[in-house]
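See below for the structure under consideration.
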Amino acid sequence: MIVLFTDFGLSGPYTGQMKAVLARMAPGLPVIDLFADAPAFDPQFSAYLLAAYAPEFPADSVFLCVVDPGVGTDRRPLVFEADGRRFVGPDNGLFELLRRRAESVRAWSIGWRPERLSASFHGRDLFAPVAASLAMGNPVALEPVDPASLARPDWPDDLARIVYVDVYGNAMTGLRTDRLPEDAVLRAGGRTVRRGRTFADVPVGEALWYANSSGLAEIAVNRGRADHDAGLAVGTPVEVVL
């Protein structure tokens, strides 16, 4: 399967144009929309999401990852492999947390270029054809690179910020819950919240944090919206109070 992880959104032509390339070059293969609303222009925040959600997919999956504010510059186009899953996208830190957490990693620079390569849409012109070729088992011109050269040493292992707000207004952090004490309290947006197992652990209208289904700490308001009710947004700092 091919898994899409982008900041394109579903309005406008961009996701559809990439899917058209995949349908033409990898007919019959399932294409899964994982994130179309990854944090816009922000490879760092997106990296924590990608590392949390990618392990749910089979080891032979190909991820087409386009959060690429440096499109058209000299940043490298990459194929990155982590524990058997392959990721196609830009060398801008998007794969950094995958690199740290995987047991085995390999990386390649993409040497192939299409006849038509726009300056502003490498997702359609470069990354989608490469992802389709990999998924179909077709050869692609790749040059091995040292995975350590992709490192972003100044990025923390867990990010104490809001990295995503879902359709319900729940605010996802870059903190893995298995790294937090059971009695940890989170403080964000001027509000202090205690841990719960599920939404109904607090009265309607009250906030809590919990371990979401992919292992990240998430702040929610029971039958409300943490973004509106608690003033949380992507980038809001989160403090862990022990």
Filter the range 170-188 for residues that are assigned to a strand (DSSP E or B) and among the basic types (Lys, Arg); which is farthest from residue 159 (Cα to Cα)? 187
For the range 105-136, what are the residues that are surrounded by fewer than 17 Cβ atoms within 10 Å (Cβ to Cβ) and of a type in the set (S, T, N, Q)? 109, 118, 120
Quick check on residue 159: is it at pLDDT 95 or above, buried (at least 16 other Cβ atoms within 10 Å of the Cβ), within 22 Å of residue 15 (Cβ to Cβ) and of a type in the set (A, V, I, L, M)? no
Starting from residues that are under 21 Å from the mean Cα position of the chain (by Cα) and small (Gly, Ala, Ser), keep the ones in the range 5-23 and report whichever is most open to solvent (accessible area, probe 1.4 Å). 11
Return yes when residue 100 is open to solvent by 50 Å² or more (accessible area, probe 1.4 Å) and assigned to a loop (DSSP other than H, G, I, E, B) and no when it is not. no
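Rundown of residues vs (1) in the same structural domain as residue 168 (by the TED database); (2) under 15 Å from the mean Cα position of the chain (by Cα); (3) closer than 13 Å to residue 128 by Cβ, yes/no style:
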{"residue": "25", "(1), (2), (3)": "no, no, yes"}
{"residue": "53", "(1), (2), (3)": "no, yes, no"}
{"residue": "63", "(1), (2), (3)": "no, yes, yes"}
{"residue": "89", "(1), (2), (3)": "no, yes, yes"}
Condition check for residue 186: surrounded by 20 or more Cβ atoms within 10 Å (Cβ to Cβ), out of contact with any helix residue (DSSP H, G or I) (no Cβ under 8 Å at 6 or more places or on another chain), touching a residue at least 40 places away in the same chain (Cβ under 8 Å) and among the aliphatic types (A, V, I, L, M): yes
Residues to consider are 93, 70; find the one that is touching a strand residue (DSSP E or B) at 6+ places or on another chain (Cβ under 8 Å), open to solvent by less than 30 Å² (accessible area, probe 1.4 Å), small (Gly, Ala, Ser) and farther than 22 Å from residue 213 by Cβ. 70
Under 6 Å between Cβ atoms, at least 6 apart or on separate chains: pull out the pairs that start in the range 145-159 with a residue that is of a type in the set (Lys, Arg) and end on any residue that is open to solvent by less than 60 Å² (accessible area, probe 1.4 Å) and not in a helix (DSSP H, G or I). 152/93
In this structure, is residue 60 assigned to a loop (DSSP other than H, G, I, E, B), in contact with a strand residue (DSSP E or B) (Cβ under 9 Å, 6 or more places away or on another chain) and either surrounded by fewer than 15 Cβ atoms within 10 Å (Cβ to Cβ) or at positive phi (or both)? yes
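The values are calculated or read from the model by the stated rules, or taken from the named source; none is laboratory data. Because the structure is predicted, anything quoted here is derived from the model rather than measured. Here Cβ is always computed from backbone atoms with ideal geometry, including for glycine, and neighbour counts include all displayed protein chains. Heads up: the accessible areas ignore ligands, DNA and RNA and are worked out on the full protein's heavy atoms, side chains in. Shrake-Rupley method; radii C 1.70, N 1.55, O 1.52, S 1.80 Å.
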